[in-house]
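Chemist: Below: one structure in C-alpha cells.
The values are calculated or read from the model by the stated rules, or taken from the named source; none is laboratory data. What you see is a predicted model; the values in this text were computed from it and never measured. Backbone-built Cβ (ideal geometry, glycine too); neighbour counts: all protein chains shown.
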C-alpha cells in the first residue's frame, strides 16, 4: 500500500502539489482525475521518485521511498508518452527490461500476446505508431506482476479493441488484490475500472472517496455526470 | 693496472756505439710504470729530435714541462693522471708531437687555465689520437701557429660552468687544423679567439655546457663538416670576417638563448649547405653583413632564422625551410637583405606556368611570430584557432608584418641538399 | 550497469549520426594523407579537426542525445535502478561511442599510411577532448530542462573554450607582459581543456620553440614527460568535475 503524507511540490513559483495526504490500499483501483495541470502526473512521478517532493513523505508498504530505488520493483508504470531508444527493436526492449530488472517471479506476457506484439518483435521503435508504443508501454507495465500498477492516461491513442483488452487486464488485476492507480480524462473508462476517486484541482486534493459514495452524494448514476456535478458544487463553494 | 711502491725503472736503450753516434739527435726512451727513472726525469733528459715511448700503465707524474722538440707517444694508451691537482703537459718547444696518451684528472683553478696539454708560444705542435678525460681545459694553444689537433676524444664531467674549461682552446694562433676530434661536456667544445687562416673539420662537439664552438675575432677561417649537438647555447661566431661555414650540422640546441648558430658582427662570410635541425633558434643574426646563406636546410626549429634589423646585404637563397614553428622573425620593418628562391613548406601558392617557381610571393614572417617576439609567453597560444585566424587576416591585410619581406620566387619543391659530403 | 550500457551503446552505435561522424573523420584524414606525402604536415591539418571539430561534435551530439533519451531515461527511472547508475551508463555509453567514432575515423587512415610521430599524441588529445566535452554536454543538459537552451549553452561552452578564452589570454599576456608570466600562463592554460590538449600536441610538434620559453621551470616541464603528465591529469579533472557536478544535479532532478 501507498501512504502519502503531507506531500508538497513546487516548480518555481507554481505550487503543483499542496499538502497532499492519501492512503491507497491494495485491492482497490483509484481513478486520478482533475483538469489539465492539476498535479496528477506530478503526484504519480512523486510516487515513482521521478520528481522529488519538497516536503512530506511517501511510504510504500510502510517504508519511506526517499532516496531509495529498490521499492520500484513493486511498481508497474505506464507513462503518458512512452518513448524508447529509436534504434532498438520491440523484442530488444522487452529483453532489456527483463535483463535489467532480474525479476525473480513469473513474467506476465499476457498483454504481449493479446496486443500481438510478439509478431512485431523485429520492428524498430522509431517505425512504430503512437498506439503501438502505448501497447509496448502497457505490456511493460504488467510484465513483472507488480503489486502496484500506475497507469498514466492508458487508453489515449489505443484502438477500441486494445482498450477493451487493457481494461479486462486491469479488472483482473484488481480482482487479484493489487493496487491500481489510473489517471484519465475518459470517464466511461474509469467507470468500469475504478473503485475510488481522487480528484485534484490546482494541486489541492478535493475529493478522496469511493465512486459509489460520490454517486450517492451527487444522486447521479454515471460517473461523468457525478463528477461534473461535484465539480460545479465545489467550485461554487470555493467561489 | 696496479702501481706498486717500487721505484720507477728506466730503460735507456743504447744502440750499437756506432749507430748511437750517428743518431745522436734521435735517441729513443721507453718509460714504464714502476721504473727507476720516472717520466718527468726522462722528458727532461731527452733532447731535440728524441722519442719517448710511454708504456701502458698509470702515471702520477705531476706537471711535466716539455722544453725540447720531442715525439712523445703512448703504447697501449698509458694514463697520465693529474691527480686533480696539476696541469699535465706544458709544452714550450716547437714541433712537439703527442700521440696516443690518455690524460686524466687535471687540477681546476680559477686563476690558471690548467690543461691536459698546454702549448705556450710553441709552434708546429701535433696532438693526435689522445683521450682526455675529466680535464679542466683539454688542449690549450696559446700563441702557437701551424698546429694540428687530430682524432682526439675529450670528455669532461663537472656539473657547473665554473668547474669547466674549454675542450680545444686556441688563442692567438695561425694556420691551425682541428680535425676529427670529439668533444663533450666542456664549457666550450672548441674555442677560437684571434685565430686566423685555420680550419676546423669533421669534429663532433656535443653536450658542452656553453658553446659547441665559440669563435671570436678570428678571420679567414673555414669550418666544415662538423656536428654541434645539444650544446647549452649552440655555436657562436662573433666579430669575425671571411668565415666559411660549410656542411656543418647544428642540432637540438634547446633554450631561450640557445642557437644552432649565433652570428654577431660577421661580414663577408659564407654559410653553405649546413643543416639546422631541432634548434630553438636555427640562426640568430645580429650585425651581420654581406654574408651568403645558400642551400642550407632548416628543419624542425623553433625559429629557423631570427634576423635582427642590424643585418644588411645578406643573401638567403636556395635554402629549404620545413617543419619549423616559425620560419623567419625579425624585430624591424626595414628590409635590407635579399631572400629569394627558397623552398618554404608553408607556401600555399600555386605554379600555373609550371616552371617550379610559385607565382605569388611568400611572406616568411608571420604575424604571430612578431607577437611572440614582443611577448614571449604568447608562444603558448601557438596553433590555437585564434592564432590561425590572426595569421589568416594578416595575410590578407598586412598590418604589423614587414610588407616587403618576401620571397618573390619561392620554389615549389624542396632543393636536393647534401648537407654533409 | 553493464547491461544498461550495452543497450544504450547498441542504440547509439546504430545512430546514423555517429556513423556519419566516423565517416567524416575517416574521409578527411584519408584525404589529408592522400594530398600530402609529408606525414608531419598531415598531423598539422588534423590538429585543427581535433581541436575544433571533435569538441563541437562531442558536445552537440551529446546534448541532443540526452534530450532524445529523456523519455528513455524516464522509463529507466521508473524501474528499480539507481539514478547514479542510469546517469553513469549514459555517460559511459555516449563517451565510448564518440571515442570509438573518433579512433576509427582518424586511426584507420593512420594505420593504413603509418602512424606519424605525433600520431599518438593526436589520438590521445582527441580522446581526452571527447571525454571532456561529453562531460560538459551532460552538465549543460542537466542544468536546464529546455533542449534549445541546453544546445545554446553547449555551443557557448565550445565557442568560449575554442576561441574567446584564447583571445582573453592573449589580451592578458599583452597587458601584463612586463611581469613574469610563466606560471600564471600555466594556470591559465589549465583552465581550458582545449588549450591543454593543444599544449600536449605542441610538446610533440614545437618542442624546439617551447624550449625558448625562459626559466629552468619550463625547461624541466617541457623537456621531460612532466608536461604530458600534467596536461593529462588536469584533463582528467576536466572530465571528472563536470561529470560529478552533473551527477549531483541529476540525482536531485525532477523529470
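Chemist: Which one of A:79, A:85, A:104 is over 30 Å from residue C:94 (Cβ atoms) and either without any contact (Cβ under 8 Å) to a residue 12 or more places away in the chain or within 14 Å of another protein chain (Cβ to nearest Cβ) (or both)?
Modeler: Checking each option against the conditions leaves just A:104.
Chemist: When the range B:293-303 is examined, which residues are found to be over 20 Å from the mean Cα position of the chain (by Cα) and part of a strand (DSSP E or B)? Outline the logic, then answer.
Modeler: Taking the range B:293-303 first, the residues over 20 Å from the mean Cα position of the chain (by Cα) are B:294-295, B:299-300, B:302-303.
Selection gives B:294, B:299, B:303.
Chemist: Which is in contact with a helix residue (DSSP H, G or I) (Cβ under 8 Å, 6 or more places away or on another chain), within 22 Å of residue B:212 (Cβ to Cβ) and in contact (Cβ under 8 Å) with a residue 24 or more places away in the chain, of B:287, B:282, B:260, B:302?
Modeler: B:302
Chemist: On to the next question. One residue is enough: does the range B:340-356 have a residue meeting the conditions out of contact with any helix residue (DSSP H, G or I) (no Cβ under 9 Å at 6 or more places or on another chain), buried (at least 24 other Cβ atoms within 10 Å of the Cβ), assigned to a loop (DSSP other than H, G, I, E, B) and more than 14 Å from chain C (Cβ to nearest Cβ)?
Modeler: Scanning the range B:340-356, I find at least one residue that is out of contact with any helix residue (DSSP H, G or I) (no Cβ under 9 Å at 6 or more places or on another chain), buried (at least 24 other Cβ atoms within 10 Å of the Cβ), assigned to a loop (DSSP other than H, G, I, E, B) and more than 14 Å from chain C (Cβ to nearest Cβ), so the answer is yes.
Chemist: Across the range A:74-109, what is the number of residues that are crowded, with 16+ Cβ neighbours inside 10 Å and part of a helix (DSSP H, G or I)?
Modeler: 9
Chemist: Are any of the residues in the range C:216-225 within 16 Å of the chain's Cα centre (by Cα) and in a helix (DSSP H, G or I)?
Modeler: For the range C:216-225, residues within 16 Å of the chain's Cα centre (by Cα) and in a helix (DSSP H, G or I): absent.
Chemist: So residue A:43 ticks every box in (1) over 29 Å from residue C:2 (Cα atoms); (2) at pLDDT 90 or above; (3) assigned to a strand (DSSP E or B) but one. Which box is left unticked?
Modeler: Against the list (1) over 29 Å from residue C:2 (Cα atoms); (2) at pLDDT 90 or above; (3) assigned to a strand (DSSP E or B), residue A:43 comes up short only on (3).
Chemist: Within the range B:369-408, track down each residue that is touching a strand residue (DSSP E or B) at 6+ places or on another chain (Cβ under 8 Å) and either modelled with pLDDT of 90 or more or more than 14 Å from chain C (Cβ to nearest Cβ) (or both).
Modeler: Across the range B:369-408, the qualifying residues are B:402, B:405, B:406, B:407, B:408.
Chemist: Kindly indicate whether residue B:63 is modelled with pLDDT under 95 and in contact with a strand residue (DSSP E or B) (Cβ under 8 Å, 6 or more places away or on another chain).
Modeler: yes
Chemist: Also: So, residue C:249, is that one over 21 Å from the mean Cα position of the chain (by Cα) and surrounded by fewer than 18 Cβ atoms within 10 Å (Cβ to Cβ) or not?
Modeler: When the stated conditions are applied, residue C:249 passes them.
Chemist: Name every residue in the range B:359-383 that is more than 16 Å from residue B:405 (Cβ to Cβ) and in a loop (DSSP other than H, G, I, E, B), in order of residue number.
Modeler: Answer for the range B:359-383, where residues must be more than 16 Å from residue B:405 (Cβ to Cβ) and in a loop (DSSP other than H, G, I, E, B): B:359, B:375, B:382, B:383.
Chemist: Of all residues in the range B:208-229, which are surrounded by fewer than 18 Cβ atoms within 10 Å (Cβ to Cβ) and farther than 18 Å from residue B:272 by Cα?
Modeler: B:216, B:217, listed by residue number.
Chemist: Here's another thing I want to ask about it. Need the failing condition index for residue A:64 against (1) surrounded by 15 or more Cβ atoms within 10 Å (Cβ to Cβ); (2) in contact with a strand residue (DSSP E or B) (Cβ under 8 Å, 6 or more places away or on another chain); (3) away from chain C (no Cβ under 14 Å), just the number.
Modeler: (1)
Chemist: Right, here's the next one. Residues that are in contact with a helix residue (DSSP H, G or I) (Cβ under 8 Å, 6 or more places away or on another chain) and away from every other protein chain (no Cβ under 14 Å), at least 2 per element: which helices (runs of 4 or more DSSP H) completely within the range C:53-131 meet that?
Modeler: Fully inside the range C:53-131 and qualifying: C:54-68, C:83-113.
Chemist: Those residues that are out of contact with any helix residue (DSSP H, G or I) (no Cβ under 7 Å at 6 or more places or on another chain) and buried (at least 24 other Cβ atoms within 10 Å of the Cβ), I need them from the range B:312-325; list them, please. If you could, list the steps in order and put the result at the bottom.
Modeler: Start the filter on the range B:312-325 by keeping residues that are out of contact with any helix residue (DSSP H, G or I) (no Cβ under 7 Å at 6 or more places or on another chain), which leaves B:312-322, B:324.
Those that are out of contact with any helix residue (DSSP H, G or I) (no Cβ under 7 Å at 6 or more places or on another chain) and buried (at least 24 other Cβ atoms within 10 Å of the Cβ): B:316, B:319, B:321, B:324.
Chemist: If I ask for residues that are more than 9 Å from chain B (Cβ to nearest Cβ) and either out of contact with any helix residue (DSSP H, G or I) (no Cβ under 9 Å at 6 or more places or on another chain) or not in a helix (DSSP H, G or I) (or both), which ones from the range C:181-214 would you list?
Modeler: C:187, C:191, C:192
Chemist: Does the range A:78-90 include one or more residues that are under 25 Å from residue A:224 (Cα atoms) and modelled with pLDDT of 90 or more?
Modeler: Taking every residue of the range A:78-90 in turn, at least one turns out to be under 25 Å from residue A:224 (Cα atoms) and modelled with pLDDT of 90 or more.
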